[in-house]
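The values are calculated or read from the model by the stated rules, or taken from the named source; none is laboratory data. Not measured: the values here are computed from a predicted model. Neighbour counts are summed over all protein chains in view; Cβ atoms, including those assigned to glycine, are modelled from backbone coordinates with ideal geometry.
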Amino acid sequence: MPPLSFRVPPPALDPAAPAASPRLRQRASLGLLMAALTVCMARADEAEPANADPPPRRPPTSVETELAARADQALAKAWGTPAQEAANFLAHEWPRHALARLHGRPPTSTAQELEQARGVVQGFVDTLEKGPGWPRPAPIRLPFAESAIAIDGRLDEPAWRNALATTASYEYGSRDPAADADTVWRLAWDERSLYAAFDCADAEIVAPTLPRDADVWNYDCIEIFLLPALEPPDYWELVVSPTGAVFDALHRKKLKGWGPERTDLERSLEGLRFAVGKRPAGGPGYVIEIAVPFDQLPGRTAAPAKPGERLSIMLARFDRTAAAFKTYSFVPLLSWGHNIWNLVPAELTR
Ligand SMILES: [Ca+2]
Ligand SMILES: [Ca+2]
């Protein structure tokens, strides 16, 4: 059986599953469902040879029902927090059956079914319990670029000196800055474009040349999520690699579940400009300089952007090596970048 793998680790599906292997497409819930079914079917095959007696069944133990009660409590407190993505998944999609099983619905299950349900539910509890105390992203003010930014992979324009710049990076699911991610994140804007720059130290660049909208996120890359408004929750995901591979898609968020409800891969960011360059401070790694035209954002027209306008944003960076895959964001992020309840509110200022 191929190993279970995820683009970004969701709440743990199974304690035996690999923690952070990157292989899940946008339709995450479907992918997870299929993965879970694959596991269930493979284990059923192993456990139940033809003509064998059915495995014994038992009711959940007190430890299992207590875990279920703890999950119920965590779920109740997770709504409206950045743990809402995980809460939506547990409450509305297939993991709810694991929780029901621990509650004794059905009254009896096999040991294997209960073991699997414990793994699923424990993974959710770990994420959900972080929600109430998780830092709410502080609003950020995006500085206006008073002079032109040339998209050439060099961050030497005066406007970048006045841009919003932050240096902390957080592994997904961690509130503590990562010691092993040397990244400078920058944001600015003018009437036409939102500008972002990523200065990424990286001693081992793993980024094959890929066609547009291929699985760029499986390798070294940067990622931007842009949500203009919560209603309807339509947002862009843009992924760019240090070899210039691009993935962009317009998503609509699933409000009762995990990930996007639908993904428009046919749409591309018209007028997107980006360039890859060397790090200004030297050292191995790369710089990606990007201009996203505001008129591509859902609900936006070609009218010039103005101070006071708002959007929600997440900046992320994936670091792949031969041995590992790590995901970082510029603020603490639960679940992943599609978690709109963890995006950072931003205001254009001048
Ligand atoms: Ca430049
Ligand atoms: Ca790398």
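Here are some notes:
- Looking across segment 127-156, the residues that are more than 30 Å from Pro82 (Cα to Cα) and either at pLDDT below 95 or surrounded by 20 or more Cβ atoms within 10 Å (Cβ to Cβ) (or both) come down to Ala145, Ile149, Leu155.
- Subset of segment 157-172 [in contact with a strand residue (DSSP E or B) (Cβ under 9 Å, 6 or more places away or on another chain), farther than 30 Å from Phe89 by Cβ and either part of a loop (DSSP other than H, G, I, E, B) or at pLDDT below 95 (or both)]: Asn162, Ala163, Thr167
- Any hit, segment 92-109, residues being surrounded by 14 or more Cβ atoms within 10 Å (Cβ to Cβ), acidic (Asp, Glu) and either in contact with a Phe, Trp or Tyr (Cβ under 6 Å, 6 or more places away or on another chain) or not assigned by TED's automatic domain parsing to the domain that holds Gly259 (or both): yes
- Residue in segment 97-108 that is among the charged types (D, E, K, R), over 24 Å from Leu343 (Cβ atoms) and away from ligand 2 (no atom under 16 Å from the Cβ) present: yes
- Answer residue from segment 198-211, given it is among the charged types (D, E, K, R) and within 9 Å of ligand 2 (Cβ to nearest atom) and is surrounded by the most Cβ atoms within 10 Å (Cβ to Cβ) among those: Asp202
- Qualifying residue in segment 288-307 (condition: surrounded by 15 or more Cβ atoms within 10 Å (Cβ to Cβ), touching an Asp or Glu at 6+ places or on another chain (Cβ under 7 Å) and among the polar types (S, T, N, Q)): yes
- All of Tyr235, Tyr195, Tyr219 fail the test of being hydroxyl-bearing (Ser, Thr, Tyr) and within 16 Å of ligand 1 (Cβ to nearest atom), apart from Tyr195.
- Answer from Gly337, Gly308, Gly299 - the residue that is at positive phi and in contact (Cβ under 8 Å) with a residue 60 or more places away in the chain: Gly299
- Any hit, segment 184-197, residues being modelled with pLDDT of 95 or more, within 16 Å of ligand 2 (Cβ to nearest atom) and not in a strand (DSSP E or B): no
- Each residue in segment 165-192 was checked for being among the hydrophobic types (A, V, I, L, M, F, W, C) and within 16 Å of ligand 1 (Cβ to nearest atom), and 6 of them qualify.
- Number of the exception - Asp152 against (1) within 16 Å of ligand 1 (Cβ to nearest atom); (2) without any contact (Cβ under 8 Å) to a residue 24 or more places away in the chain: (2)
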